[in-house]
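The values are calculated or read from the model by the stated rules, or taken from the named source; none is laboratory data. Because the structure is a prediction, the values reported are computed rather than measured. As a convention, Cβ positions derive from the backbone with ideal geometry for all residues, glycine included, and neighbour counts pool all protein chains shown. Surface areas here come from the heavy atoms of the whole protein model, side chains and all, with no ligands, DNA or RNA. Shrake-Rupley method; radii C 1.70, N 1.55, O 1.52, S 1.80 Å.
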Amino acid sequence: MSRTRRLWILIASTLITALAVSSCATGPDNKQNSLRPEGESAEKIMNLFSPIFWLATVIGIAVLVATIYVSIKYKASDKNKSPKQVHGNSILEIGWTILPLIILIGIAIPTIQTVFDLDKKAEPGAVKVRVTGKQWWWQFAVETDPYQIHNPDGTLKVLEDGRPAMATTIVTANELVVPVNRQVELDLRACDGETPVVDKTVDELKQANPCNVIHSFWIPSLAGKMDAVPGRSNHLVLRAKNEGIFTGQCTEYCGLSHGVMRMQVRAVSEAQYAQWIESMQKPPAQPSIAPEGQEATPAQRAIEKFGCANCHAMDDPSTVSYGPNLTHFGPKFENEVLGGGSIPKTHEHTWRWIFNATDWENGWGIPMQSDDCRLGVAPGPDKRCVGMPNFSVPYIYKGPDGKEAKLPAMTETEAKAIGDYLYKNK
């Protein structure tokens with residue numbers, strides 16, 4: 001072997017080793033680490049993975065050593081240019097046929113057991129959550145005990161027969177709060193073309209926003225992956241063993257902002273979870289519409305001007321809406337997120353997101369195909385609404401009469417007013 005070749009081999013080996021070591025070093029801090037399980041399901045997967053990994057490592061090393069040994073011992077030379085052709089060794093041939101079969105059977109048995117174990121239904125008393133993957137964020141609808149809901153002006157909502165209107169879910173976006181050491185049963189779906197929208201039919205919504213995108217839900221520290229498929233309901237059970245924040249993201253390519261479609265599971269004590277549920281069932285601190293006889297605040301005027309309630313529920317924590325439910329948007333914990341779970345939920349991030357949610361280059365937004373959303377969630381032929389629009393510039397379009405029309409731009413003052421309103425609604 002030449003000196004130059006040995007040098008290149010040494011350099012390549014050093015780089016590979018350095019890459020492996022650096023990857024291991026960042027493991028504890030990357031917040032998405034399946035090799036450090038913190039949940040019941042993730043532990044079962046790890047218990048299956050570890051012995052198979054080490055078995056594969058031993059076999060790989062043995063094959064590599066045997067290959068090198070045979071290559072050196074039986075390499076071509078002046079004395080051995082054409083090895084004598086002989087019949088194979090029957091014992092060896094039978095052995096290396098049977099041994100892999102035994103190994104595969106040994107792997108298959110615990111694998112099948114783990115698959116069925118992970119597919120078991122949740123225990124009685126588990127928290128039930130309907131998870132919907134959208135473009136590009138996650139919606140969580142958590143089942144709760146019945147509670148009373150309110151109108152947009154803050155008054156109690158009543159049914160036609162005079163009974164109070166009650167709800168049995170609370171809806172959040174991108175962050176799911178769960179009690180520690182308690183099972184959580186997830187019902188996973190993709191988009192929901194039948195989300196009710198005022199003055200829009202189901203067919204109009206489906207035509208403008210076809211429900212044809214697959215997502216995949218994965219919190220590596222807590223459980224395995226599970227796809228969210230249009231028209232289907234998939235099942236996943238997880239249980240966090242310790243309190244903390246466990247992050248994950250969509251692992252099925254789903255469009256422009258797939259890379260920033262993330263989510264958090266926050267495991268808290270039973271007492272904190274009960275407090276969180278109670279706070280989420282209350283009406284917002286300030287209604288989005290001014291009560292009769294009262295002057296509208298700057299935030300209420302801006303909300304009406306830019307039609308925020310067309311896509312977002314802002315007064316009923318149980319309502320599934322086209323965009324995230326904003327009834328209790330204000331942070332109740334540290335390190336909450338917005339914007340598909342990829343942006344910290346701070347006061348400045350909030351109003352800048354409202355002002356221009358597509359401001360990817362400056363770190364205030366994410367890429368979105370959302371210009372037509374200024375016209376509504378079913379904007380019309382050849383137009384689609386996917387994501388939060390950019391309100392910082394006017395929106396120019398052609399009206400039904402073919403003439404050019406324009407919607408006004410939002411000022412920073414208006415964006416800050418809406419941001420202050422949302423941030424205080426905890």
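Things worth noting here:
- Using the 1.4 Å probe convention, the accessible area of segment 221-336 works out to 45 Å² per residue with neighbouring protein chains retained.
- Residues Lys398 and Arg182, FRET efficiency given R0 of 60 Å [Cβ-Cβ distance, rounded to 0.05]: 0.65
- Residue-wise HN-Hα coupling along segment 242-249, computed from phi with Karplus coefficients 6.51, -1.76, 1.60 (Hz; x: Gly, Pro): 10, 5, x, 10, 10, 9, x, 7
- GNM remark for the chain: springs join alpha carbons under 10 Å apart, and the peak mean-square fluctuation among Phe217, Phe49, Phe140 falls on Phe49.
- Spacing of the two label points (7 Å from each Cα toward its C-beta) at Ser71 and Ala165, in nm: 7.3 nm
- Springs between Cα atoms under 10 Å define the GNM used for the chain, and in it the highest mean-square fluctuation of Gly125, Gly339, Gly323 occurs at Gly125.
- Stokes-Einstein diffusion of segment 296-426 at 37 °C, 0.692 mPa s viscosity, Kirkwood radius from Cα pairs, rounded to a whole number: 215 µm²/s.
- The portion of the accessible surface of segment 201-356 made up by carbon and sulfur, rounded to a whole percent, is 50 (1.4 Å probe; DNA, RNA and ligands excluded).
- For Asp78, the accessible area of its heavy atoms, probed at 1.4 Å with every protein chain present, is near 140 square angstrom.
- Space enclosed by the convex hull of the alpha-carbon atoms of the chain, per residue, Å³: 231 Å³
- Neighbour-limited loop hits for trypsin sites (Lys or Arg not before Pro), segment 184-264 (at most 11 other Cβ within 10 Å; DSSP other than H, G, I, E, B): Arg232
- Solvent-accessible surface of protein heavy atoms, probed at 1.4 angstrom with all chains present, puts Leu238, Leu101 in the order Leu101, Leu238, largest first.
- Kirkwood radius for segment 205-301, taken over all pairs of different Cα atoms as the inverse mean of 1/r, rounds to 17.3 Å.
- Relative contact order of the chain: 16 percent, from C-alpha pairs under 8 Å at least 6 residues apart in sequence.
- Measuring nothing but how far apart in sequence close Cα pairs (under 8 Å, 6+ apart) lie, relative to its length, segment 189-286 scores a relative contact order of 23 percent.
- The chain: DSSP helices with Cα axial extent of at least 20 Å and average Kyte-Doolittle hydropathy no lower than 0.0: 3-25, 40-73, 90-118
- The solvent-accessible area of Glu404, taken with every protein chain present and a 1.4 Å probe, is close to 150 Å².
- Val202 sits with roughly 60 Å² accessible to a 1.4 Å probe, with DNA, RNA and ligands left out of the calculation.
- The antiparallel fraction among DSSP beta bridges confined to the chain stands at about 75%.
- Pairs exceeding a 27 Å alpha-carbon distance, out of Lys383/Lys403; Lys44/Lys121; Lys305/Lys398; Lys305/Lys424; Lys332/Lys406: Lys332/Lys406.
- Mean-square fluctuations from a GNM of the chain, with a 10 angstrom spring cutoff on Cα atoms, peak among Leu222, Leu118, Leu64 at Leu64.
- Once you reduce segment 330-362 and segment 253-318 to the center of their Cα atoms, the two points are 13 Å from each other.
- Ranking by accessible area, most exposed first, for Val393, Val58, Val127, Val229 with a 1.4 Å probe: Val58, Val393, Val229, Val127
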